[in-house]
1. Cβ-Cβ under 6 Å, sequence separation 6+ or interchain: first residue in the stretch A:135-152 and part of a helix (DSSP H, G or I), partner among the hydroxyl-bearing types (Ser, Thr, Tyr). Which pairs?
2. Of all residues in the stretch A:1-33, which are more than 30 Å from A:Gln55 (Cα to Cα) and buried (at least 18 other Cβ atoms within 10 Å of the Cβ)?
3. Restricting the search to the stretch B:176-190, which residues are crowded, with 19+ Cβ neighbours inside 10 Å and either hydrophobic (A, V, I, L, M, F, W, C) or at the interface with chain A (Cβ under 9 Å from one of its Cβ atoms) (or both)?
4. Which residue, of A:Trp204, A:Trp236, A:Trp216, A:Trp210, is surrounded by fewer than 17 Cβ atoms within 10 Å (Cβ to Cβ) and within 30 Å of A:Ala176 (Cα to Cα)?
5. Residues that are touching a residue at least 24 places away in the same chain (Cβ under 8 Å), under 30 Å from B:Val258 (Cα atoms) and either hydrophobic (A, V, I, L, M, F, W, C) or within 11 Å of another protein chain (Cβ to nearest Cβ) (or both): does the stretch B:311-322 have at least one?
6. Has the stretch A:87-103 got any residue that is over 12 Å from A:Leu38 (Cβ atoms), in the same structural domain as A:Leu30 (by TED's automatic domain parsing) and basic (Lys, Arg)?
7. Give the residue that is farthest from B:Arg185 (Cα to Cα), with candidates limited to residues of the stretch B:204-214 that are in contact with a helix residue (DSSP H, G or I) (Cβ under 7 Å, 6 or more places away or on another chain) and surrounded by 15 or more Cβ atoms within 10 Å (Cβ to Cβ).
8. Among the residues of the stretch B:150-175 satisfying the criterion of being more than 14 Å from every other protein chain (Cβ to nearest Cβ) and assigned to a loop (DSSP other than H, G, I, E, B), which is farthest from the chain's Cα centre (by Cα)?
Amino acid sequence: MDTAILATLALYMLSTAGYLAYFFLQKNRLQQAGLALLMAGFLSHTAVIGIGFAQKGHIPVSNLPETLSFAGWAVAGAFLVLHTRYNLKVLGVYATPFVALVMAIVPLIPKTPAETPAVFKSFWLVAHVTAIFLGEAAFALAAGAGLLYLIQDDAIRTKRSRFFFKRLPSLELLDATGYACIVVGFCLLTLGLITGLVYAKSYWGRFWSWDPKEVWSGIAWLFYAVLLHGRLTVGWRGRRSAISASVCCCSRFWG
Amino acid sequence: MHDIVLIGINHKTAPVELRECIAFSAEEAETAVAALRRLPAVVESLLYSTCNRVELLMVSADPPASVEAAKAFIAEFNKIPREQFENALYVHENENAARHLFRVAASLDSMILGEPQILGQIKEAYRQAAAAKTTGVILNRLLHRTFFVAKRIRTETGIGDRAVSISYAAVEMARKIFGTLEGKRVLLIGAGEMAELAVEHLLRHAVGETFVANRTFENGLTLANRFRGRAIRFEEIAEHLKQADIIISSTGAPGFVVTREQVRSVARARRNRPLFFIDIAVPRDIDPEINRLDNAYVYDIDDLKGVVEENIGDRQKEALKGERIIDEAVVRFRNWHQSLDVVPTIVSLRQKMEAIAESEIRRTLHGSSLPPESAPALSRMMGAFINKVLHEPTVFLKQDGMHANKPTYLDAVRKLFKLDE
């Protein structure tokens, strides 16, 4: 099991190297290699999680390393989907190191034995956890797109950094990608919250118990709701919305 | 062997006053190549003439005589004394001529590195010459290689990628902001060659409606008609900032025509869609402070010049890659050209036949009742056979008096027997 995780990590790191080299040298082959490695890493990662599921009989998110691993898997998967949809190669420069970093932490954390397996056996919980994690992954990518937007905006505005100017795509594309990620993330988060409420009701007998995790999720949901509402009504976009998306995502990961 | 001779002048060796004296129009070029082809030493000929160069390509059995004849021809045709242009002429032969032509066609020798027109001009000249049948085996091959090399350099290097004029640089910037320019609205304030050129480039990218604002409304109307746009009054500029996405300004106004406050107040009405200001005027028309606002970008003439300089630097780097591709192509062409001589052709023809004979003898001995001692006799017989077969072709290819057609025959022989594998 550990060797499989290490193999996955190695693939992600190589993929990161491929994307970084592509960013500096601008050779398409490097990007293709990076993508292929990422796919290989994602497959082996899927296998790791699948095995975990089979062994424990529930979704493997009962301790911190497992949770992190699942989050990394979600981000890798979300990026692959986004890549096929938008062909935004350059976002890999953000996504692959992100995933590699998350996975690098996994083997370092001592495993605390899981105590409450009974809680994890419900369908609602699996739906809840998966939706929440995929939603977070989408938000993480939105933050990445926002970050790239800010760099490109700065490059165009200050007229100095031709390095980034040449390598990054148009502001419009970065903005549209970030927006799409937030919409998807928001839908998934909503779904995750609903399934979570249903699950809480069925297990603890009440919908909401003011648990800090719940509160954080609620705040994040409200925040993204405001962000989307602002965009739809008065067209919030550009620097400010990119900053908000990035900041919000960072705070989520702290939570 | 028939040599390739290239003789010409270009922007580096001659000033425009001289180039325009020697330039050939398309019809003149046609008569010129035909006349040159009639010179006794010249077997094939091709001439291309652009505003930056006039070059004449010839295939000749006697290069010095051809060069002399060409010079006399240029002097006579253009009615200009020889001394006036002789110093500006350069002459390249064979390998160097091929290299020069490759570099010209790939636009590595152009005044503006990587400009795409020259290739089209050479193609057109070649089409004409081929139609007039003044080119033959050697120039046909050389020109086809040239087009191939030029295309390869264009696709494999970034020689033509980045904008190297102010107006194109403006379009390049706009595309980095908007992605696609389709449907984006353009507002032209004032008039001027560079600004109008930028609008034309933008129109080619399928931008949407165009507004033209001019102090004199009638002038604005004329311009608007040209761009199929709409003329607006100067006082309406602030109102139209709500609709326009790209603003190009080029007026003689002493102060700012668009202020920061005007742009800030339309942000909400625009739903924060980006605004791109291109300020070509000196003194500037657009308040540079606008560049600090969210979703608003201002580029003045110096900024655009900076972009252009940077891009020219990029093209020079890419040109080095182009030179490597050319080196490779020159070697390959030289090998082919040198093989197109009588002796190497006969040698390779003989080698090919000997190889066939040898393998057939081996097969015959292998599967039959012939005793192994008969091998030398068989070899002798095959040798004599090959000598007899090759006798007539050798005599024919070596004879004099078929100067003009020699490369054609040699090329045919090489193709018939597949000697270039």
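1. A:Ala143/A:Ser246; A:Gly144/A:Tyr94; A:Ala145/A:Thr177; A:Gly146/A:Ser246; A:Leu147/A:Ser246
2. Within the stretch A:1-33, A:Thr16, A:Gly18, A:Tyr19, A:Tyr22, A:Phe23, A:Leu30, A:Gln31, A:Ala33 qualify.
3. Listed by number, the residues that qualify are B:Lys176, B:Ile177, B:Phe178, B:Leu181, B:Val186, B:Leu187, B:Leu188, B:Ile189.
4. A:Trp216
5. yes
6. no
7. Per the stated criteria, the residue is B:Asn214.
8. Out of the qualifying residues, it is B:Ser165.
The values are calculated or read from the model by the stated rules, or taken from the named source; none is laboratory data. As the structure is a prediction and not an experimental result, all values here were calculated from the model. Please note: Cβ atoms are built from the backbone with ideal geometry, for glycine as well, and neighbour counts cover all protein chains shown.
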